[in-house]
Structures are given as C-alpha cells and as structure tokens.
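The values are calculated or read from the model by the stated rules, or taken from the named source; none is laboratory data. Note that the structure is predicted; figures quoted are calculated from it, not measured. FYI the Cβ positions are ideal-geometry reconstructions off the backbone, even for glycines, and counts take in every protein chain you see.
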Amino acid sequence: MSDESPTDLAALTRRSIGVESVDAAVSFYAPDAVWDASPWGMGVFEGHAAVRGFFEDWRRSYAGIEWEAEEIRDLGNGVTFAVILQKARVAGSSASAQLRYAAVAQWRDDLIVRNTTYTDIDEARAAAERLAAERGQAMSEENVEVVKRVIAALNQRNVGLYLTFCAPDVELITPVSPLEGAATGTEGIRQFFAGLREATDSFRLDAERLQAVGEDRVLALGQLSMVSEGGIPLAQPFANVYDLIGGKLRRVRAYSDWDEALKAVGLEE
C-alpha cells in the first residue's frame, strides 16, 4: 500500500451503528445508496428516501432500541464487515427482543453505497471476503489502466492530459529530488514538463512490465529513450512506482534501476 493514510472505515462503521437518530443514520449513506435486506426476505431499498423509510419503519416496531457492534473488520477495497447485536422492546409490549445480524457495506468517498444485511453470520463473512477480493482485483486492473494513460500523456508531453490523472497534491520524486526537491502539485508537474521540453527534443517511456502491487500501487519497468536538446540520443532502463488514491496519482517515484524499484515494492527477484 502507499504511504498515504486511508480513511478509517472501521471507525466510520462503528459510528454509523451507534447513532441515535434516523437523520444521523442516513447521513452515512450516499444519495444513491442501496439497503439490501433481501437475505432476510425483506426487499431492497434504493436511494436516501427509501433507506430513510426503512429505518423509520424498523424503529417504529421497537422501543428503547440499542445497537452494539460485536465485531467490525475493514477488509480493504472499500468493504467492511460488522456483526451487530440489537436489543429493544417490542413496541406496545413489555416483551424484549434481541437480534444478532451481520452487515456487509461497500463504501465510496467515505459514504456507504450499498449495505447488505444477513441473519447468517457465516454467510455474510464469506460474502464480504469474496466481495473485497473481487473489488481489489477490479481496482488493481483500473489502476494499471490509469498508469498506461499517464505514460501515454507523458510521451505526448501533454501536461493538461497528465494532470487529469493526478490528485491535487500529487508528488513526483526522481533520483535528483534530494538535490532539487520533488515536483509537487499542479504547478510542480507543469514545471517538470517545462524542464523536459527544454532539455530534450524527444522523450519516451516504453513499459515492458506493468504490475499492480496491492490495492493502490503500480510498478512500471521498461526502457526510456530520449534525444537531448543537442541531438544526443540516450537509452536506459526506467523503473517507476505509482501510488494512487481513488484512481488518481498521489505519488510517482522514479528509481535509478529495476532492482531498487522491485525492492521498494517487496518484489525482489
């Protein structure tokens, strides 16, 4: 994983379980969120209004309702798993009711986009682990495609296109950064491209190996070919490690050789 600290989805999950009002509960959900109670045979509720309606109907069935999180796990790739114990009294009765269930939530931009609830805890756990693995594979493939486009934009010297793939606080670190400093943010990337145009007549990266490493990192190994402003050709290996957040470049680190980059991502050969 990258050095960036991700959102603590386990903490968000705990907060979402412990809220006391419907308004507070709905605030954890994206506008197009889905509450899937189909494993209970209770249907699927889409959008804020429908999710709110389900919450309100559920709460009307009970008095003194309380929820306790017995287990919360962040499985990565925007998937959380929680085991929840509900304690309450049946509305209009002195009879108590206790319900233990599991929730598998998918998150985007710190909001729940889908929450599926199960009465079978083992079924929920298996579903959550499978979903996290599937989303991880999909995200890895998407990140590799982003890096392909980033390299193409660099080869075209198209700084505008390159920046569309970058987070606002993107950082480009090269072997000379200890002396000259890293290229940081939009202005830093523009200055890097300007320096590249001044120093070279042509510049091209040809990636021979693009590999996702974990959830948000891509390794690129290949050959760099360029012609200096004075017409001198140069060819040498290149090794870059790209860290992404939400499909955007957060950090690009260029290494002096393949072995160094492989070691940095734990893939020594």
(request) Could you check residue 71 against (1) outside any strand (DSSP E or B); (2) farther than 26 Å from residue 47 by Cβ; (3) more than 16 Å from the chain's Cα centre (by Cα) and say which number it fails? (result) (1)
(request) Being in contact with a Pro (Cβ under 9 Å, 6 or more places away or on another chain) and within 12 Å of residue 82 (Cα to Cα) is the filter here, so list the residues in the range 107-118 that pass it. (result) 116, 117, 118
(request) Just need a number here: residues in the range 33-53 that are outside any strand (DSSP E or B) and buried (at least 17 other Cβ atoms within 10 Å of the Cβ). (result) 4
(request) Take the range 159-178 and flag every residue that is farther than 22 Å from residue 237 by Cα and either among the small types (Gly, Ala, Ser) or out of contact with any Leu (no Cβ under 7 Å at 6 or more places or on another chain) (or both). (result) 159, 160, 161, 163, 164, 167, 168, 169
(request) Note down all Cβ pairs under 7 Å where the first residue falls in the range 244-258 and is at negative phi and in a strand (DSSP E or B), the second is crowded, with 17+ Cβ neighbours inside 10 Å and charged (D, E, K, R), and they're at least six residues apart or on different chains. (result) 244/216; 244/250; 245/216; 250/243; 251/171; 251/243
(request) Determine whether the range 60-67 contains at least one residue that is among the aromatic types (Phe, Trp, Tyr) and at pLDDT below 90. (result) yes
(message) Take the conditions out of contact with any Ser or Thr (no Cβ under 6 Å at 6 or more places or on another chain), within 25 Å of residue 120 (Cβ to Cβ) and among the acidic types (Asp, Glu) and apply them to residue 68. Does it pass?
(response) yes
(message) Among the numbered criteria (1) over 30 Å from residue 58 (Cβ atoms); (2) not assigned by TED's automatic domain parsing to the domain that holds residue 217, which one does residue 97 miss?
(response) (1)
